[in-house]
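Asks: Before I ask anything, let me first share the structure, which is written out below as structure tokens.
The values are calculated or read from the model by the stated rules, or taken from the named source; none is laboratory data. Worth saying up front: this structure is predicted, and the values here are computed from it rather than measured. Here the Cβ positions follow ideal geometry from the backbone for every residue, glycine too, while neighbour counts run over all protein chains shown. Accessible surface areas use protein heavy atoms only, side chains included; no ligands, DNA or RNA. Shrake-Rupley method; radii C 1.70, N 1.55, O 1.52, S 1.80 Å.
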Amino acid sequence: MAATPVGVYKRRDTITALPLYYSGHLLKKYTGEKDFKKCYGELRGSTIFLYTDQMHDTYSEKLDLQMLKSMAMDAPYQKNRSTIYTLTLSNEEVQLKVDNPNTGEEWRGFIMTVATREIPSKLQLLPGQILRLEEVLSEEQKRLAPCSPLPTTTYPIHPSSSPGNTYDNTFSGIPPCFFPVSRQKAEKMLKENTEYGNIILRPSTDNTNYAITLRQDNPSGPVMKSYKVLSIDTGFVIELNSPVTVPSLAAVLDHFLIETEFRLQPYLVPQTYDTCIELPPVKSTLPPKTVPRARVAPMIHTQSPAGDTPPSYPIPLIPTKATEAGNEYQDADDISGPEPKDLHQELRIALQRRKEQIYTGTPFLRPTQK
């Protein structure tokens, strides 16, 4: 690892707020470029920060190794030969060239260790270098260990109504455009709901910091961009070419609004509201419905000779002779016999006699059977 002036190292450490694992001189070029450019690289956390030279304290470019898809070497490891590695990221492809093959092998070991969180099985390194990789792996695993989830409670931070007004930078809350989604989900939301806004604040890939994903509508078409926001003790650092330190997340959003001249707006999902106040129905005060009771016909009581008052029973139907279709009945009024002179008197006598027979247990005899 090349020596770096202490003052420059401290300033870089303050800006990036990430642990330094490895550093050295590199040659770099992107796909499509003709020549390699000299630079000085530092592997901090899972990001390679590239500086113009060893004395600059502000990085010019960075490579996020969490987006690394593959790392290929142009030729097998050979001594006395420069090594070229092709890093394929999710959004770009870059080549790194190292003149010293031993140094190149170290770069490969550190890059693959932090990108895949495991030490590559085949490395041309000394035992001491392997031990250093094990220390880096342990430190990176602790740094990326799951922590308490980022707060999802939103606070009433309202966007400015004019370019002259900004967010309250001293308010340390979570802006309403924060959504606990991934980068891909945030880009999908911005693409499908263009009328809601252009900026989404979300958790970063490592779940320990934040990120800004925004959509810019250029003449050639919409462009999605993402920026990392590091959390430090004194506030937050927006990782730009010239890093910006702000005291709160509201100030992070405010910085993007100012820099884009308020052409971008926070992504806010509209809420539906009612516009008519309706009178609630009057509660019924009517008494509850009652079920009427069944009415029983009153019983007729007559005085018996013994002084008792036996209950009155209806006059039964008197069976006639059985037929093949079944028993037939006829009313007492249809009983054959001589027609009484006084019908009412005869009925009263028959009724009284019937009652006496029921109480005494004697069989009932028709008037013709006397």
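Asks: So in the range 5-46, with the set limited to residues that are within 21 Å of THR88 (Cα to Cα), at pLDDT below 90 and among the polar types (S, T, N, Q), which one is most open to solvent (accessible area, probe 1.4 Å)?
Replies: THR31
Asks: Kindly evaluate ASN241 against the criterion of being open to solvent by 90 Å² or more (accessible area, probe 1.4 Å), under 29 Å from ILE48 (Cα atoms) and touching a residue at least 24 places away in the same chain (Cβ under 8 Å).
Replies: Details: open to solvent by 90 Å² or more (accessible area, probe 1.4 Å): yes; under 29 Å from ILE48 (Cα atoms): yes; touching a residue at least 24 places away in the same chain (Cβ under 8 Å): yes.
Yes.
Asks: Can I ask one more? Tally time: how many residues in the range 20-55 are more than 17 Å from VAL237 (Cβ to Cβ), in a loop (DSSP other than H, G, I, E, B) and of a type outside the set (Val, Ile, Thr)?
Replies: 8
Asks: What is the residue count in the range 245-261 for residues that are β-branched (Val, Ile, Thr) and surrounded by 15 or more Cβ atoms within 10 Å (Cβ to Cβ)?
Replies: Residues flagged as β-branched (Val, Ile, Thr) and surrounded by 15 or more Cβ atoms within 10 Å (Cβ to Cβ) within the range 245-261 amount to 3.
Asks: Go through the residues of the range 205-216 one by one and say whether even a single one is of a type in the set (S, T, N, Q), open to solvent by less than 60 Å² (accessible area, probe 1.4 Å), in a strand (DSSP E or B) and out of contact with any helix residue (DSSP H, G or I) (no Cβ under 8 Å at 6 or more places or on another chain). Can you show your working first?
Replies: Let us first name the residues in the range 205-216 that are of a type in the set (S, T, N, Q), namely 205, 207-209, 213, 216.
Now restrict to residues that are open to solvent by less than 60 Å² (accessible area, probe 1.4 Å): 208-209, 213, 216.
Next cut, in a strand (DSSP E or B) only: 213, 216.
After this cut, where a residue has to be out of contact with any helix residue (DSSP H, G or I) (no Cβ under 8 Å at 6 or more places or on another chain) as well, the list is 216.
Checked the range 205-216: at least one residue is of a type in the set (S, T, N, Q), open to solvent by less than 60 Å² (accessible area, probe 1.4 Å), in a strand (DSSP E or B) and out of contact with any helix residue (DSSP H, G or I) (no Cβ under 8 Å at 6 or more places or on another chain).
Asks: Could you look through the range 51-66, keep only residues that are open to solvent by less than 50 Å² (accessible area, probe 1.4 Å) and of a type in the set (D, E, K, R), and pick out the one that is farthest from MET112 (Cα to Cα)?
Replies: Selected residue: ASP57.
Asks: Which ones in the range 264-280 are open to solvent by 20 Å² or more (accessible area, probe 1.4 Å) and touching a residue at least 24 places away in the same chain (Cβ under 8 Å)? Lay out the reasoning, then the answer.
Replies: Keep residues of the range 264-280 that are open to solvent by 20 Å² or more (accessible area, probe 1.4 Å), which gives 265, 268-280.
GLN265, LEU268, VAL269, PRO270 - these are the residues of the range 264-280 that are open to solvent by 20 Å² or more (accessible area, probe 1.4 Å) and touching a residue at least 24 places away in the same chain (Cβ under 8 Å).
Asks: Now a separate question. Examine the range 153-161 for a residue that is modelled with pLDDT of 90 or more and in contact with a helix residue (DSSP H, G or I) (Cβ under 9 Å, 6 or more places away or on another chain), and state whether such a residue exists.
Replies: Residues of the range 153-161 that are modelled with pLDDT of 90 or more, as a first pass: none.
No - not one qualifying residue is present in the range 153-161.
Asks: Provide a single number: the residues in the range 94-124 that are in contact (Cβ under 8 Å) with a residue 60 or more places away in the chain and surrounded by fewer than 14 Cβ atoms within 10 Å (Cβ to Cβ).
Replies: Residues in the range 94-124 being in contact (Cβ under 8 Å) with a residue 60 or more places away in the chain and surrounded by fewer than 14 Cβ atoms within 10 Å (Cβ to Cβ): 1 in total.
Asks: Moving on. Mind checking which residues of the range 126-135 are farther than 15 Å from LEU43 by Cα and either crowded, with 18+ Cβ neighbours inside 10 Å or out of contact with any Asp or Glu (no Cβ under 9 Å at 6 or more places or on another chain) (or both)?
Replies: LEU126, PRO127, GLY128, ILE130, LEU131, GLU134
Asks: If you take the residues in the range 217-238 that are at pLDDT below 90 and β-branched (Val, Ile, Thr), which one is surrounded by the fewest Cβ atoms within 10 Å (Cβ to Cβ)?
Replies: THR234
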